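S.K.: Would you mind keeping the following structure in view while I ask a few things?
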Amino acid sequence: MNVRKARKNDAEQITQFQILMARETEKMELDIEVVRRGVAGVFAEPARGTYWVVEAKVQLLGSMLVIPEWSDWRCGTVLWIHSLYIKPPARKQGLFRLLYQNLKQQVIQDPNLKGLRLYVDKTNSVAREVYEKLGMNRDHYEMYEWLK
Ligand SMILES: CC(C)(COP(=O)(O)OP(=O)(O)OC[C@H]1O[C@@H](n2cnc3c(N)ncnc32)[C@H](O)[C@@H]1OP(=O)(O)O)[C@@H](O)C(=O)NCCC(=O)NCCS
């Protein structure tokens, strides 16, 4: 197993992961052309975020998007985990743990990085359990949103 930053030629596989994830976790059918452009937009502008992938030999088994958010309270950057997907046959084998530990290690070693955050659909009980097993805790914030 290998964890690495994604390359541009991973974009189509990452797009497919997003389509599958939305279908599985939110029963939502995303527009694949929009997602393709959205994924390409990350590679086009690195300040938007970084995809990380986990692979076995040359096969991608999962990916996540890491997005930086400036924290004025901490005078540093909090990293958000988004768009996380591990292929079903590769689950429960520690692949997300690998991605997570790799990222956490970067935060520990870099004084400019202050922590990790993510949000999860309330109904996604598997992911909630996974995050708690990895030592994350639900903080005191509730998330609100307005989406066009
Ligand atoms: C959530 C998800 C990313 C977890 O990935 P994974 O590679 O299977 O997770 P890991 O194998 O690294 O497991 C990490 C820990 O969670 C536990 N875990 C994994 N799947 C679990 C499950 N279905 N139920 C309970 N615990 C589980 C593991 O046992 C491990 O704990 P341990 O080391 O104490 O045994 C994966 O299930 C997934 O892609 N789900 C669909 C997409 C999704 O929900 N994305 C998140 C949106 S917010």
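S.K.: Taking the stated definitions as given, is Asp72 within 16 Å of the ligand (Cβ to nearest atom), farther than 24 Å from Met28 by Cβ and surrounded by fewer than 12 Cβ atoms within 10 Å (Cβ to Cβ)?
M.R.: no
S.K.: So, one more: Name the one entry in Val66, Val53, Val35 that is without any contact (Cβ under 8 Å) to a residue 60 or more places away in the chain and closer than 18 Å to Tyr119 by Cβ. It would help to see each step written out before you state the result.
M.R.: Details: Val53 fails: closer than 18 Å to Tyr119 by Cβ; Val35 fails: closer than 18 Å to Tyr119 by Cβ.
Just one listed residue meets the conditions, Val66.
A quick yes/no check of all residues on (1) in contact with a strand residue (DSSP E or B) (Cβ under 7 Å, 6 or more places away or on another chain); (2) closer than 20 Å to Asp139 by Cβ:
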site: Trp80; (1), (2): yes, yes
site: Arg97; (1), (2): no, no
site: Leu103; (1), (2): yes, yes
site: Gln106; (1), (2): yes, no
site: Gly115; (1), (2): yes, yes
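S.K.: Oh, and also: Go through (1) closer than 25 Å to Glu26 by Cα; (2) in contact with a helix residue (DSSP H, G or I) (Cβ under 8 Å, 6 or more places away or on another chain); (3) surrounded by 17 or more Cβ atoms within 10 Å (Cβ to Cβ) for Leu99 and report which single condition fails.
M.R.: (2)
S.K.: Surrounded by fewer than 18 Cβ atoms within 10 Å (Cβ to Cβ) and within 8 Å of the ligand (Cβ to nearest atom): does that describe Ala56?
M.R.: no
S.K.: Continuing with this model, one more query. Let me confirm something: among Ile81, Ile67, which residue is at pLDDT 95 or above, under 12 Å from the mean Cα position of the chain (by Cα) and more than 12 Å from the ligand (Cβ to nearest atom)?
M.R.: Ile67
S.K.: Working only within the range 109-138, note down all residues that are touching a residue at least 60 places away in the same chain (Cβ under 8 Å) and closer than 18 Å to Arg97 by Cβ.
M.R.: Selection gives Asn124, Ala127.
S.K.: Among the residues of the range 84-115, write down those that are closer than 16 Å to Trp52 by Cβ, within 16 Å of the ligand (Cβ to nearest atom) and over 11 Å from the mean Cα position of the chain (by Cα).
M.R.: Lys87, Ala90, Gly94, Leu95, Arg97, Leu98, Gln101, Asn102, Lys104, Gln105
The values are calculated or read from the model by the stated rules, or taken from the named source; none is laboratory data. Predicted model only: the values in this text are computed from it and were never measured. Note that each Cβ is placed from the backbone with ideal geometry, even for glycine, and that neighbours are counted across all protein chains shown.
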